[in-house]
Amino acid sequence: MGVKYTCFLFLGFLLVGCLSDDIGYSSSNISVQATNAFTLEEKVDYIVGDTLFFTQNFSRYLKEEGYNELLDVYETTKDEEFGYGFDLQQFSEFSNSYEAVYIDSEYVITTGANIADYYYYNNYGVAAQLNEAKDAYESKVGIVLVESGDFKLDFSNVYFRNEYDYYSNEKINLNIEHRFTDQTKGVLEFTVSE
């Protein structure tokens with residue numbers, strides 16, 4: 001009976017040790033929110049060859065839920081840039097709805113780098129970079145309009161992400177969710193003519 005008990009006890013400790021999270025991935029994840037970080041042109045009529053521009057700016061110091069003091073994004077992550085993507089959609093007569101348009105990086109002009117690694121679900125991404133004053137992350141982006149049609153530029157589901165390696169516990173995974181206080185400001189509908 002003692003040998004059986006010892007074997008079960010040993011097996012129990014072995015299973016507990018194998019199933020535990022020794023690395024502690026979950027302790028490296030932080031989520032915060034930035035509001036009204038995008039400024040869109042109010043122009044709604046373009047011609048093929050025009051460039052539509054928007055700017056982006058969010059503070060280095062953001063409110064973290066459950067804390068009174070602001071989170072210093074740079075001190076927390078040591079990252080000087082955060083990647084983000086946005087949705088561009090074109091109206092399709094065939095489906096009678098707006099469909100996603102994937103932008104070739106050749107048609108995205110940005111003050112930062114075009115960093116497709118941040119966003120694997122589309123073929124482009126841009127960087128919000130820490131400015132010279134080191135108080136905000138900024139970018140200016142242009143999209144060269146090469147096709148005619150009715151379009152939507154949608155910022156209602158934007159996340160800023162830092163370069164984080166899931167398998168390394170050396171860096172903090174910081175997700176910054178973007179929201180507009182007025183949701184109608186998050187989508188720009190425009191037309192491109194020949």
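The values are calculated or read from the model by the stated rules, or taken from the named source; none is laboratory data. What you are looking at is a predicted structure, and each value in this text was computed from that prediction instead of being measured. Every residue, glycine among them, receives a Cβ derived from its backbone with ideal geometry; neighbour counts consider all protein chains shown. Ligands, DNA and RNA are stripped out before the accessible areas are found, and what is left, the full protein with its side chains, is counted by its heavy atoms. Shrake-Rupley method; radii C 1.70, N 1.55, O 1.52, S 1.80 Å.
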Using a 1.4 angstrom probe, figure out how much accessible area the range 72-111 has per residue, in square angstrom, rounded to the nearest whole.
57
What distance in nm lies between label points placed 7 Å from Cα along the C-beta direction at Tyr102 and Leu70?
3.9
Can you figure out the FRET efficiency of Tyr61 with Asp182, using R₀ = 35 Å and their beta-carbon distance, to the nearest 0.05?
0.95
